[in-house]
1. All but one of (1) in contact with a strand residue (DSSP E or B) (Cβ under 7 Å, 6 or more places away or on another chain); (2) surrounded by fewer than 20 Cβ atoms within 10 Å (Cβ to Cβ) hold for VAL170; which doesn't?
2. Output the residue which, of all residues in region 15-43 that are β-branched (Val, Ile, Thr) and over 22 Å from ARG75 (Cα atoms), is surrounded by the most Cβ atoms within 10 Å (Cβ to Cβ).
3. Identify, by number, the condition in (1) modelled with pLDDT of 95 or more; (2) buried (at least 22 other Cβ atoms within 10 Å of the Cβ) that SER46 doesn't meet.
4. Scan (1) without any contact (Cβ under 8 Å) to a residue 12 or more places away in the chain; (2) outside any helix (DSSP H, G or I) for the single condition ALA257 breaks and write down its number.
5. If a residue has to be away from the ligand (no atom under 13 Å from the Cβ), crowded, with 16+ Cβ neighbours inside 10 Å and not β-branched (Val, Ile, Thr) to count, how many in region 254-269 make the cut?
6. Is it the case, given these coordinates, that GLY329 is within 16 Å of the ligand (Cβ to nearest atom), at positive phi and in a loop (DSSP other than H, G, I, E, B)?
7. Just for region 88-104: of the residues that are of a type outside the set (D, E, K, R) and open to solvent by less than 20 Å² (accessible area, probe 1.4 Å), which one is farthest from PRO323 (Cα to Cα)?
Amino acid sequence: MQVNWRWIHAARNTYAVLSAACGCDGFPLKPVDTPADDVTCYSLNSINAPEYRDEIATADCRTIAGGPHATACPRKVARYADYVVVGEGEYTLPRLLADLRDGGEGRIPGVRSGDYFKPADTSVLLDAYPAFSEMKGYVEITRGCPHACGYCQTPQIFGHCMRHRSIDEVARFADRHEQSRFVSPNAFAYGSDGRHPRWDKIEHLLRQCRSRIFFGTFPSEVRPEFVCNESLSLVTQYCANTKLHFGAQSGSDAVLAHLRRGHTVADVLRAVDLCREHSLVPVVDFILGLPFESDEDQRATLDLICQVSRNGIVHAHRFIPLPGTPLAGSVARDLLPEAEKILGKLALRGRLTGSWNDPAVRFFRHPSNDIP
Ligand code: SF4
């Protein structure tokens, strides 16, 4: 049975992960730019899903859709895809492919097909699967997040309990290349429950890796309350990055509480100062236009953006209500006239990136969708 993977640039790391997992079970995933026999798999996020809906619905082959969007609204996706993988794919996708190859109907736990659905009966242990194989990917060191930020799909997909790849396995994959970057909801939470840091485990991890390590920066970030002398010393002692990426999201404590972010504005300011003391450039995420943001809240965010931009880089995004999150179905509020001016000026001075006008940019829209 020929199994194809619809190449979508935004899902390139998912391809690296799932082609490794499926390859181990005898299903190499062939990248394609149009659906083809026998089966074509898609990984969809909530921004690009509409772009692929018709293609999937009219495909002449069997189609399997997974990814954050399919997990957030499987019933909707099952109207146009034959099979929907709900949640993690490493175990479920090869199991589904084996069932289809053997003439089954794809009635596998964790797969929706039409009206049939039974929840997954497993949870992926990261060490049980390669981080990547032929195609280099980022090494996923941690999955799951104990927090529940109102706009975020991560805990809905991977749960609230953190699962970590072991130090030996992280080092084994990191050392395959000259430099390595990691995937985690909070790199500074490696080895911990996500609330109580384990600097000893992070140090052990970093000491064991021989390649140039980028930690707490693209494609991962850290939480501001985990930024402290211990964590920053580990970065400057063992890692190659000169930047640290963390989320502030708002300059209003009331908005942060509403979002259930679990940190305050003071935590953000402290993190920015500490970065400067350790000669790291803070790259700080903000979300503008949150539905419950008052004019005053938005002005407080603009103030904080200006403060951060003096010593760091601001990464600004427009709020988008993602399906499957607590804020799904809410409506983004307008930006104040002064917001456009302030953000535009900072962008021109090179102190701000991202897009506060086009929410899609936050979700990895990329001009290049070519198969590498
Ligand atoms: S935004 Fe980060 S900390 Fe918040 S729930 Fe998502 S992954 Fe967790």
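The values are calculated or read from the model by the stated rules, or taken from the named source; none is laboratory data. Predicted model, so just to flag it, every value in this text is computed and none were measured. Please note: Cβ atoms are built from the backbone with ideal geometry, for glycine as well, and neighbour counts cover all protein chains shown. SASA here: full protein model, heavy atoms, side chains in, ligands and nucleic acids out. Shrake-Rupley method; radii C 1.70, N 1.55, O 1.52, S 1.80 Å.
1. (2)
2. Out of the qualifying residues, it is VAL17.
3. Only one criterion is unmet by SER46, namely (1).
4. Among (1) without any contact (Cβ under 8 Å) to a residue 12 or more places away in the chain; (2) outside any helix (DSSP H, G or I), the lone unmet condition for ALA257 is (2).
5. 2
6. When the stated conditions are applied, GLY329 does not pass them.
7. Among them, the one singled out is LEU100.
Conditions (1) modelled with pLDDT under 95; (2) aromatic (Phe, Trp, Tyr); (3) under 30 Å from GLY329 (Cβ atoms), marked per residue:
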position	(1), (2), (3)
GLU105	no, no, no
ARG112	no, no, yes
PHE117	no, yes, yes
SER123	yes, no, yes
ILE157	yes, no, yes
HIS164	no, no, no
ILE167	no, no, no
ALA174	no, no, no
